[in-house]
Every structure is written in structure tokens, then in C-alpha cells.
1. Residue farthest toward the positive end of the dipole of segment 140-195, with Cβ of Lys/Arg at +1 and Asp/Glu at -1: which of V144, C187, V174?
2. Given a 1.4 Å probe and the protein chains all in place, what does the accessible area of E223 round to, in Å² to the nearest 10?
3. Take the alpha-carbon centre of segment 160-185, take the same for segment 60-119, and report the distance between them in whole Å.
4. Which values of log₁₀ I(q)/I(0), to two decimal places, follow from the Debye formula for segment 134-206 at q = 0.11, 0.15, 0.24, 0.25 Å⁻¹ with a uniform point scatterer at every Cα?
5. Which pairs in the list K226/K322; K128/K535; K56/K134; K156/K177; K91/K128; K158/K317 are over 30 Å apart, alpha-carbon to alpha-carbon?
6. Just by accessible area at a 1.4 angstrom probe, what is the order of L567, L589 from largest to smallest?
7. Per-residue HN-Hα couplings for segment 578-583, Karplus 6.51 cos²θ - 1.76 cosθ + 1.60 at θ = phi - 60°, whole Hz, x for Gly and Pro?
8. Each label point is 7 Å from the Cα along the Cα-to-Cβ direction; what then is the distance between the points at T497 and I527, in nm?
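The values are calculated or read from the model by the stated rules, or taken from the named source; none is laboratory data. All values reported here derive from a predicted model rather than from experimental measurement. Note that we place each Cβ from the backbone using ideal geometry, even for glycine, and neighbour counts take in every protein chain shown. We work out accessible area using only protein heavy atoms, side chains counted, and drop any ligands, DNA or RNA first. Shrake-Rupley method; radii C 1.70, N 1.55, O 1.52, S 1.80 Å.
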Amino acid sequence: MARKTFDADSYLPSEEDQASTAFVFERHWAMAQLRDKSHRYFNDRSLIEYIDDSTKRWNGYVPPRDNQTFDWQARVFLNFTRNTVVTFLSKAALNMPKINITAVDKFGADDTRRAQVLDRLRQWSLNKENASWKYFQSSLDTVVKGTGVVYEGYKKTKRKIREIERYDCITGKVKAKEKEIIADSDCYRLNIPIEDMFFSNIYQSDIQEQDDLIWARRMSYGEAEKEFRKFANWKHVRPGGFWAAVQDTPFYKESAYGDLEDDQVYVMRYYSKADDRMIVNISGVTLYDDPIMFHHKNYPFALEIFEPLGTDFIYGKSLPDKVAHDQDVQNTLANMALDQNFLSIHKPILTQDEDDDEDTIVLVPGLVRKVNDINNYRVLNELEGPSASVMTMMQLFMKQGNDDANSIQGGGPLVTPQGGKVTARQAVMQEETARQTLGLNAMMFEKMELDLAKLRIPNLLQFQMLPETLKEVTGEDTSKLFYKAFRLDDVELSDGTYGTSIIRVFPDQESLPNQLDLDVEAEMANIKGKNVEIKAITPEYIRNVEYDVQAVPGSVFNRAKATEQALTLEMFQAVSPFLQFGFIDAEELFREVFKSFDRDPNKLIKQAQQPGQNPMAMLEAGAMPVGKGTPQVASQLGKAVKAPSLNQLANS
């Protein structure tokens, strides 16, 4: 891509813009000075120094050799910290916390239909941006640095494309026309490095209670242009030249600060809830100075910590810092043992011969060398490798480190006190112990997702349900068409089955289709083998509704597949004798069994059906067609299934 050139700009900002720019620079400088102070919580280090130490430990950083170390000395950095972080994330950050949404009508009664619509819209929005991967990224940042921040916003960008009208595959000639398309028009989340956030009061742990704050970062000119080019003053923004080093620089971002590159700009976003003020300033040019653009009027950020350093401190403790002493002891002992072993193999030589120097007496295999007097040389044969006591000490500290790591990871490997394979029941108990051990960290992750949900839902209602936003889908002629469709696959539908949920948004109440017509359309899809549920709503249907959002406790944990299967089979065996009484949904029971083995329940259940028969209904009734060798389900189902017990399954 060709580099964009700029003409000289004679931009003379207005008095208001000058005052706005001066104000933002002043607040940015003051907050940067506060952030870069040394703090007792960081062991008398600044935030940047604390982050540098944690990220170096996470990456196993080994500095270049200096004059204090010899070439032969070991400089090993064991992967203890990295393995601890990875194991922790594997247990506590692979599943996004589940969010439960409840809604009430104007009479205060539960409105499950509106709550379901809000939940589906949120899930649809998260699926579009691959939120599970972004959740893992923010979790990694939080664990490694101690504090993570996520921005919850909305972006709408357009770009020009050349639409091909005709292509000649023989000559390679193409006829195309240029058109502008909407590249993005969605709510989204963005992981923000904590060093890019500046707070007015670091001793206020609730980000929403800050007097004001600034999010500042470098961006390429092209990236900023996509987001801000429609702003009136964007034409005055020039990349490069602006000195942005108003704060300390992180170790792994050393090249990202200082003078801007020729294609970079410095973007500062200032927010103040108290004044309902938002300022966007790019490289000294004010683009926006007006009320906060979000209807919820909160800061569009959620903050997460790994563990609290104090209830009155906004930053958190990182996992690498928590196991720092274990890591340092292991590194020291390992390097000492390697150095001692190296010296025991390549033993030093003492000499009184003045004709020799230290470079000429080094022994190498096969060397033949003449000396003046063999008695002038003495090999230090008393130097031996690491003794048993040294190895015992290493094992002791490594065990201590592993014990400390297990307290963070939620338990060690699955073994019995006597060693060997564990039963499924023991595995369940150990998983429960892990949940309790990681309960504090899980609560932090759940709080982050809860705070983001409280920002995402009003943003969806504000930006995805505006008439001008919805009309972009179907154009101006919306008399016969719906505004927008939200599709979500593999979800639980209103009848308890799993399938595809489609929500269509119509302009107003008069344009809503008859629900019977939608049911017919869904039934036609069912005939084709697709389980579909279709609902039609208006923007006002969910815009004016009271709702509450809560995180589901413990939903971040992922139960082991074998344990899940064992528990499902045990449940099946326990409840199958009661199918004859009719108060247990047999089809749902079979669905749970099939899903635990990663099988599609719809395919398997349909294969079991015969024309004119419904085995699920017959199971609930307590009987099936009796033929030769066919037992009655009411009395024989338990014997026919004969599901293994947990212990049998685990020990098989």
C-alpha cells in the first residue's frame, strides 16, 4: 500500500478546541505522573516496573551476559511460572462465565420472553466478534500483569470495494465498479493494556467511581482514519512528529513510545462521568468534546484483577509475582548445580609455571602439550558434582513450588494417596476442591463478564435498534421487509429442544406478521430436518423494558469429559425406573446422555423412530410394542440399559 502524503496544513484551532486540547494534555500529564510513582503495594516499584518483572517471568526472559558472568556459567530460566499460568488458564479461563438475564413487565411480573430476546441478542453479538477468544486474551493479560481492562463500545466503519461485474477467464480482463460498503456496524470489546489506562485516583478500586480517566494509545494513521475520518477536524490530523513519551515505557513496548513513526498518531480518549464529558484528541487535534456518547452514561470499561493487593488499590497482584520467590529459588538452585557439575567435569588447574597463562593451559580432548615441569601443575580433583544434600534441597524447593502452584491451579494430578487410577467419584471431589480453591479468581472473572454485559446490553439497544441502523440492512423500502434478523444456532428453544432461534425486527406494531405464519414457516423448516423457532419483535418491545443481569457462579469451570459422562450415565441408571410414572421427560433424558458423548441428539433420536411410533412417548407411558424377546420398558429398562457405575467406569 502506497504511503499517503500530506500537504502543509494551516490549521488554526478555535478557542474552544485550544482549551480542550490544553485540558486533556494537562489531565494526561497529571495521571501519568500518578501512575508512574513507586508504590508500596508493588514493593516500591512503579506499575511499569511491576509489569516488566511479571511479563519477563511469564516469557522466561534471560538478559544478555554482562561483565559479572562468565561464558561457561549456566543462566537457565525454568518454565515454572509459564507452566503455572498456562495450567491456571486451562482451568479457569477456557469457558466464558454465563450470564443470566431477567426482565419484568410494567406490573413487576417476570417477563421471560423479553429476557430471552435480550439474552439471544447478546449471545448473537458475542458470536459475531469471537468473544470467547477475546475473553481468553483479557484473562491472560489479567493473570500475567495482575490487572486487565476491556473497552466495550460500538464501531461503524465503511470502506470502498470494486465489485466485479464481468470477468473474462481467457483474457483476464475484469469490469468492475466502485461502491462503498459498511465494513463494521457492531458492538465490540477490545482488550486494553493496563499501561494505556490513566486514572485520576489509583486508590479508588472501582473504575466506575473514578472522577475521570483517560485511555491513550498509539494507532496507525490508517486505523485511526477508518474510525474517525467522518469527524470534522480529522482533515487537520497529521501523523508522526508528536512526542508521546509522557510516561515510563514498558520493557516489551520499548519501541512503541517516544517520537511517533511517520504513519502513527497518538489517540487520547478522556471521560468524566461527573461532567458527562468525553473528549477525543488525536495528536493535538480535538475531534470531539461533547457528552458521553453512550446512553448508559457509564465509563465504557470493565476492570478485572487476578488477586487484590488491597481493597483501596485499583491494580491487582499478578500470578508471576505471586510465585516469584518459588521461581527465583528454583532458578538459583538449578544454575548453581549446573555450574558445580560443569566445574567437576572441567576441573580447574593450578600452576606455578611462569611461562603458561590461563589461555594456554586449557585442556581439550586429544591435546599433546609440552610442559617444563609436570610437578608445577595441579588439577583440583576435589571438585565434585552436586552432592546428595544439594539434590535433596532442589527437590524440596521444587516440591514446595509445585505445592504453591497447585494451590493456584486448583489441585495437582489425579492420583490416589496410594498412587494409581482414581475413581470418578474421587475426580468429582477433586474438581469441587479446585472450584473452592479457585473461587476468588473465578469471582473476579465473573465480575468482569457481568460488568461487560451491563454495558453490552444497553449498547445493543442503543445502536442495533435505531431505525437508521436497521434500515441499512434492507434499504429505504421497509414496508414489506423486516429491518434485521438475528440468528443463533444450537440454543435451547422455548419447547426445551435445541435448534436455531431467529429473531426478526420489524419497524412497528402494524408491520408485525401473524405469529401463526411464523409457526408455519418454522414447521416447514422442521419438515426439512431443521429445528427452527422464529419470533418477531419491534425495537420498542425490548427498548422499554426493565431487566437485571447476574453472573452464574462457578460457570467458568469446565468439568472433565470422562467425569461428565460417568455422572450422566449414573443419573440415567438412577432415574430410568421412574420413567413409567410419566413425570420424567424421557426424550430430554436421552438428549443429555447423547450430548455428554458429543453426539447429535436429533440425529440419534430420529433414527430410533419408526413410522407411526414415538418411542419417547412409549417410554414415558411405561411400555413399548411387545414382540418376541422385547421386554416391557416399565419393568425391564434398568436391566436392558445396565449403565455402569461411576467406579466401574473409572476403573475400566
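1. The listed residue farthest towards the positive side: V174.
2. Spelled out: E223, probe radius 1.4 Å, area about 80 Å².
3. 42 Å
4. Calculated log10 I(q)/I(0) at the listed q: -0.55, -0.71, -1.08, -1.11.
5. Exceeds cut-off: K226/K322; K158/K317.
6. L567, L589
7. Taking θ as phi minus 60°, the curve returns 8, 4, 5, 8, x, 9 Hz for segment 578-583.
8. Roughly 1.5 nm, to one decimal.
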